[in-house]
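Okay, structure first, notes after.
The values are calculated or read from the model by the stated rules, or taken from the named source; none is laboratory data. As the structure is a computational prediction, the values presented were derived from the model and not from experiment. Positions of Cβ are generated from backbone atoms using ideal geometry, with glycine treated the same way; all protein chains shown enter the neighbour counts. Ligands, DNA and RNA are excluded from the accessible area calculation, which covers all protein heavy atoms including side chains. Shrake-Rupley method; radii C 1.70, N 1.55, O 1.52, S 1.80 Å.
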Amino acid sequence: MKKFRKVLDGLTTSSPVNPGGSPSCGSAAGTPSTAPTPRELEIQETLMSEHFQICKTVRHGFPYQPTALAFDPVQKILAIGTRSGGVRLLGRPGVDCHCQHESGAAVLQLQFLINEGALVTACADDTLHLWNLRQRRPAILHSLKFNRERITFCHLPFQSKWLYVGTERGNTHIVNIESFILSGYVIMWNKAIELSTKTHPGPVVHLSDSPKDEGKLLIGFESGTIVMWDLRAKRADFRIYYDEAIHSVSWHHEGRQFMCSHSDGSLSMWNLRNTAKPFQVTFPHGKTQRDGRKESCKPILKVEYKTSKNSSEAFVIFSGGLSYDKAGRRPTLTIMHGKAIIVLEMDYPIVDFLVLCETPYLNEVQEPYAVAVLLEKDFLVVDLTQSNFPIFENPYPMDIHESPVTCTAYFADCPPDIIPVLYSIGAKHKKTGYSHKEWPLSGGTWTVGSQTYPEIIITGHADGSIKFWDATAITLQMLYKLKTSKVFEKPKSGDVGRSAELVEEDPYAIQMISWCPQSRIFCVVGISAHVILYRFSKHDANTTITVSVLLNVTVKIDSTCTESEYCGHRVKDRMIRMPPGYQAELVVQLLWVDGEPPQQITSLDLNSAYGLLALGNCNGLAVVDYLQKTVLLCMSTLELYGSADPFQRLTRSPRKNRQSTSGTHRSKSPTSESRENSFSRSRSSSVSSIDRETKEAVTTLQFAESYGRKSDTLPTPCLWVGTSLGLVLIIPMSIPTDEQERQEDPVTVAPTGTVLMLKASVLRFAFLDCGGALINCPYEVWRDQHAPDDPDRPRKRKLVNFSPSSSQEASGDGHLAVVCSERQAKVFFMPSQACLYVHNITESSFVLRADVVSVCNSVCLACFCANGHIMTLSLPSLRPLLDVNYLPLTDMRIARTFCFTNGGQALYLCSPTEMQRITYSQEMCDNLQEMLGELFTPIETPEAQNRGFLKGFFGGNAQTFDREELFGEAAAGKASRSLAQHIPGQGGMEGMKAAAGGVVGELARARIALDERGQRLGELEERTALMMTSAETFSKHAHEVMLKCKDKKWYQF
């Protein structure tokens, strides 16, 4: 063993020291303190600031507060807009992209440029945006801000570059998608309706071109007025004045009739031959009353009218329309097919739905095969091809929020066998009855990136459930669900009495998670001050759960409680059959005393090699031996110091601590010093004498091989304890190494009075060897306790990193202890306890989360502050490497769920239903493009069906309609400049105008997209050149035919 030069102890702990760092502990950020570093300790730090960069990687979960839905039937990509200006794009599994409008304005409507790799969004701030989807991270190419009118409805005909925009004033404007400039052609509301009409028709709620003739535009106004506008003649073909407000309109594919849905729960059918009145009005859910009138129904907010080849009967699909008398009925989607009426009840209100059809052409038989239904808190797709209309199994995790998420944990680089094991157990409990067909949103391409390693995310929920998710390669798939509430008896009504009034609404809500992936031991802390320890088994087990009941300082190992010592929840005390998976072994409960609930648990750690579990709250600390099912230590924080208390506090008065007389210690009222309560208030490192005496919460715990005393020459098992006053205690333990002795001999725990000091509440411990590498905690290799016995292979405990010999090799020369508090980080050399480095992380704010993580084959300290800053510090020298103001404003949900993990990744809940993953690694930012899915894949647009000789001429020839001739600047002139303002997007570069054009812009678009991706250029350019030539030839021939036939009568052909 190397002999270290005697180092001056920079932090003498026996005498009180200013926790702000005395002169001996230099306050300069990242600088060595005056305690000299041992000469032999020369650690080469490899991390530089250029290794770090913050960027969002992927967002999982259900889009929060959705508002709109759109689908590209050729690319098979679906888009969902939200109230906060988000757009989520979904394709095949792995193709899942989130975009955000900087304005944060709600998305009113979405329109795909079908098979063009572009999307138009209309937002509540009356701005239209054009998104380029031909890059893995979509960007806005153009924006158009309307100044004087509010946008209410948009319609983009298939293969057109002219977008119709309806407004609140009842006018219809036309926008060129290529240039994003308004045409001078406007359909004013007063021209659309008859001059004799005295009232304003209301906002435009519908726009669509006739499937029979693209030169005719159907305009629906809210009041019930419908106008068929002849775009060429610039006049109305017909006008319908209906006395019920219109919500939506849907055409029959032949273009001879259409259907409207109304606010009184009715559907009206109109024929173009006679528009004086509807030829059919139905109330699908309205019964006829005795007086002959229909009962009043709720509005039908949307209807879709679709035809199919295999059936003479059309599908009529609508949302709403139920009668008002059916109170408490759930929201419904109704599918009418022939005489059959199928009502699908939904769990949440319907925001929007879309019928997915085989063809993009409106004048062909539609062939509907599915309905995508967007609910307020869910998204589902119904299979229309099967008579019982099953739903498809959703490959995206849309149910993260099934019960609100209360905490998270993120584990990168897990043992590779853990994911398949959890999946195989979880698969047995999956729901059945899904459609056997493949998920219909099959657009885009995605391949698993080269740099993948097993990642697991664990979420704890308000109902006490735990979900394990496979988060490998920026996807998210649920593996296994565990319900912690099953450990407890169901409370009987009325047997709890007054205590029930104090119980939380979610008594099983998960507060903390501790998981050892190697030993597969899992531990949770519940809000009702209980800890449950689980072991993993692939086999069923019939077992009883051991209960430890702690009365704060005095201990009872007993599962029975008197009336005055109400436990909150009674653990099942009978033999229980436990299915394969995680099986509860031990429950530790803190007791109610005199009708008052116990203080919530603020810290937890478990170590599988030691077989110990430690928990702390704002009163004290308990250490439980879960192998022998005994409580080793249960002391108030003050008692742990003994005579070494730096504040020289007195022990509490008998009135406050009745332990000496009655044997029980009363918990004070729930003014918990938990992280939740302390989030919003500013922290002060100066603690009043009263606070010092009464409140010192245990804020973090860590088992480790370390040195409990300065005189120790070899590391031993220790428990590091951090408190809310910035004090660190080291408690050495004596643990038998022989397996038989470990089961029988007691483990001794002896607080030594070793104290280190920092500013503010302690958050995290980590340990480095003298080469600067992270020392991993000892652990037990997993073994299945309920597996059948094999005489050839007796099941012995196999421990890693835990034996005097391995410890001596690893850290017989001493090691470094990294301690991070809410304000400060320090690195101590053990066993001398010299403070080598100190860095004041923040003065004005405080650290919410700190983790020591591995990045780029090295380690650093990552911190997330309450002011939204993310920082990384080098180890051991605590040099600042990154400081980014990532979240300008943060809230409790983010504070509660933010966590870092190895490999430069982190996550948090960005909304109640969505999980955002980010990276702080430059390497991952650089590789992100290859990890993300492609939203756009080059697909030939399906050819239009041959319409037949007579149909083509009698039905009006849509091909002869030239929108450019009508809406272009030459014919229509320029629109008023004050009406709308064009804003070029961040993604707009020279030549991007072509990115959204028709067939002729294909080559330019392909070039830009391929420059961005830098691949497949040659192959596609040839194909695009052919498409261009064929488009030009087709256009020339069509023009010739038109000229030839223009003046002929039909019988002359």
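Could you tell me which of the pairs 298/430; 212/306; 483/538; 710/759; 191/212 are separated by over 27 angstrom between their Cα atoms in the structure shown?
On the way: 298/430 36 Å; 212/306 15 Å; 483/538 17 Å; 710/759 23 Å; 191/212 23 Å.
Those over the limit are 298/430.
Evaluate the charge dipole of segment 807-866 about its Cα centre and quote only its size in Debye, nearest 20, assuming +1 on the Cβ of each Lys and Arg and -1 on the Cβ of each Asp and Glu.
That gives segment 807-866 a dipole magnitude of about 160 debye.
Residue by residue through segment 739-754, what is 3J(HN,Hα) from phi via Karplus (6.51 cos²θ - 1.76 cosθ + 1.60, θ = phi - 60°)? Round to whole Hz and write x for glycine and proline.
4, 5, 4, 4, 6, 10, 6, x, 8, 9, 10, 9, x, 9, x, 6
Quick one: what does P(r) look like for segment 51-169 with 10 Å bins over all Cα pairs, in whole %?
13, 46, 32, 8, 1, 0
What whole-number value in Å² describes the accessible area per residue of segment 392-448 for a 1.4 Å probe?
Accessible area per residue, segment 392-448: 51 Å².
Would you kindly calculate the mean projected area, averaged across all directions, of the convex hull enclosing the Cα atoms of segment 334-438, in square nanometres?
10.1 nm²
State the percentage of accessible surface on segment 358-481 attributable to carbon and sulfur atoms; use a 1.4 Å probe and exclude ligands, DNA and RNA.
53 percent
What distance in nm separates the two pseudo spin-label positions at residue 939 and residue 194, each 7 Å out from Cα along the beta-carbon direction?
Result for the modelled spin labels: 4.6 nm.
Which value, in Å³ per residue, describes the convex hull spanned by the Cα atoms of segment 197-351?
On the way: hull volume 21.8 nm³, N = 155.
In segment 197-351, the Cα convex hull volume per residue is 141 Å³.
Can you give me the accessible area per residue for segment 95-166, using a 1.4 Å probe, in Å²?
Ligands and nucleic acids excluded, the result is 27 Å² per residue.
Quick one: plug the Kirkwood hydrodynamic radius of segment 93-243 (C-alpha pairs) into Stokes-Einstein at 37 °C, 0.692 mPa s, and report D in µm²/s.
This corresponds to a translational diffusion coefficient of 201 µm²/s.
Of 234/302; 695/826; 431/481; 216/309; 145/302, which pairs sit farther than 19 Å apart, going by alpha carbon to alpha carbon?
The answer is 234/302; 695/826; 216/309; 145/302.
At a 1.4 Å probe, what is the % contribution of carbon and sulfur to the accessible area of segment 157-214?
Working: 1100 of 2160 Å².
The value for segment 157-214 is 51 percent carbon and sulfur by accessible area.
In segment 809-913, which GluC sites (Glu not before Pro) fall in coil by DSSP and have 11 or fewer other Cβ atoms within 10 Å?
Sites meeting the loop and neighbour criteria: 843.
In a solvent-free Debye calculation with one equal scatterer on each Cα, what is log10 I(q)/I(0) for segment 841-898 at q = 0.14, 0.22, 0.26 Å⁻¹, listed in the order of the q values?
-0.37, -0.85, -1.08
Under a Cβ-Cβ cut-off of 14 Å, what is the net charge of the residues other than residue 455 that fall near it, where Lys and Arg count +1 and Asp and Glu count -1?
-1
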